[in-house]
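The values are calculated or read from the model by the stated rules, or taken from the named source; none is laboratory data. If you're wondering where the values come from, they're calculated on a predicted model, not measured in any experiment. Every residue, glycine among them, receives a Cβ derived from its backbone with ideal geometry; neighbour counts consider all protein chains shown.
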Amino acid sequence: MAGAIPLWVYLSTNARQLFMPSIATHLPRDAIMANAEPALARETPGILVITDTDVLSRQSDTLREVAALCAPARPVLVGGTANRDVLMAAINSWQVGQVLPSTSTTEDIAVAIIDAHEALAIDATVVSTLGDLTDENTRLEAAISRLRETQGQLLHAERLSTVGRITGGLIVALRRHLGALHALEAPLRGDGAPSDPEVAALVDAAFDGVRGISTLIDEIHAYAEHRENALSMAVVPLDGLIGRIVAFARYDRLGRERVVESDLRSRALVEIDHHRLWQAVINLLRNAFQATEELSTIRVSTWVEGLEAVVSVADSGTGIPEDVKRRIFDPFFTTKGDGMGLGLHVTRLSLERQGARIECDSAPGLGTTFRIRMPLQGFNDDG
């Protein structure tokens, strides 16, 4: 055992000179004989030896304090065996390990002290070993946590590499087709624009969809290559942009089977990349469509809150459990059977680059609400 075990002794004055030298010759080499009072200033395990029964009544509180500070102690009581109150106090207050009659020889007392010393040494060894095991367990848990983090990073990198390989070839072909569609926009919006308002609205929706696909492809490809696309920031009327997004979403197959309501009264002007905001809101609406039953209501709202303009997409679906909600913006996290789990993650990154932020409120059975908050640039007097 490392270090000495103190031996605190309470003795009558006339007995101390005889007791201490004679007992000391029998003690283990790593035991230290000392008067008990200094124990009050320490918190050290030790053996408390009481040989004067008068001390029990005169210094009862002091002894309790010594016993508490010396815990785990192994007290030895010499004398007092005929006094019931003394024995009760010794057992209940100080948890005496051994009680010896006052007629005990020096050798008997020494043996009792040695037994207490050995028991305390075992206790101290067990405590020290448990402490070492606890420290080692803490180190192992930290190492496992670092290993899991490293594995997660490696898995994330591998997934990004896979996304890059899959999308690389597709994007080249898709951009050719999207380029051809973009080429049709100018004549259809110019002299060849349809006179029928309904047809014109369909044309607008079609080209908005084309631009949305282009934006989504660019975002996913840039993310897979660890780069950022340039933003096309401009101040736009928020309500008008969200109104067009809602109109476009109603052409979605799932959107046609649900009721999409809008309450657009913010009159806010926001500085945003409107193609990327378009894609963000479309993504939220499609998530809402997938989370709800047919004929369910999805509500899109805008308002101003302090110095922020807010877009809200609220559904009446089943809601999101708390453990899932904590991870919905993590890359590659998905609860769907299809999809890569990048939609909300890329949406959040894109919005944050534009100075906006996204938040989610949801609870099982109470539906889900996503809110996008953007810095307010002013108000549009035209509505």
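Restricting attention to the range 245-255 and to residues that are of a type in the set (D, E, K, R) and over 14 Å from residue 299 (Cα atoms), the residue that is surrounded by the most Cβ atoms within 10 Å (Cβ to Cβ) turns out to be 252.
The residue of the range 355-383 that is farthest from residue 286 (Cα to Cα), among those that are in contact with a strand residue (DSSP E or B) (Cβ under 8 Å, 6 or more places away or on another chain) and among the acidic types (Asp, Glu), is 382. Tell me, please, whether a residue that is among the small types (Gly, Ala, Ser), more than 19 Å from the chain's Cα centre (by Cα) and farther than 22 Å from residue 228 by Cβ can be found in the range 340-359. The answer is no; no qualifying residue exists.
When the residues of the range 267-295 are filtered to those that are under 28 Å from residue 230 (Cα atoms) and among the small types (Gly, Ala, Ser), which remaining residue is surrounded by the most Cβ atoms within 10 Å (Cβ to Cβ)? Quick ask: steps written out before the conclusion?
Within the range 267-295, the first condition is being under 28 Å from residue 230 (Cα atoms), and the residues that meet it are 267-287.
The next check asks that each one be among the small types (Gly, Ala, Ser); those that pass are 268, 280.
Working: 268: 25, 280: 29.
Ranking the candidates gives 280 first.
Go through 298, 372, 358, 320 for me and flag whichever is part of a loop (DSSP other than H, G, I, E, B) and crowded, with 18+ Cβ neighbours inside 10 Å.
320
A single entry from 327, 267, 286, 250 fulfils the requirement of being over 27 Å from residue 220 (Cβ atoms) and out of contact with any helix residue (DSSP H, G or I) (no Cβ under 6 Å at 6 or more places or on another chain): 267. In the set (1) modelled with pLDDT under 90; (2) in a strand (DSSP E or B); (3) not basic (Lys, Arg), residue 279 fails one condition alone, (2). Give the number of residues within the range 312-333 that are touching a residue at least 40 places away in the same chain (Cβ under 8 Å) and in contact with a Lys or Arg (Cβ under 7 Å, 6 or more places away or on another chain). Number satisfying all stated conditions: 3.
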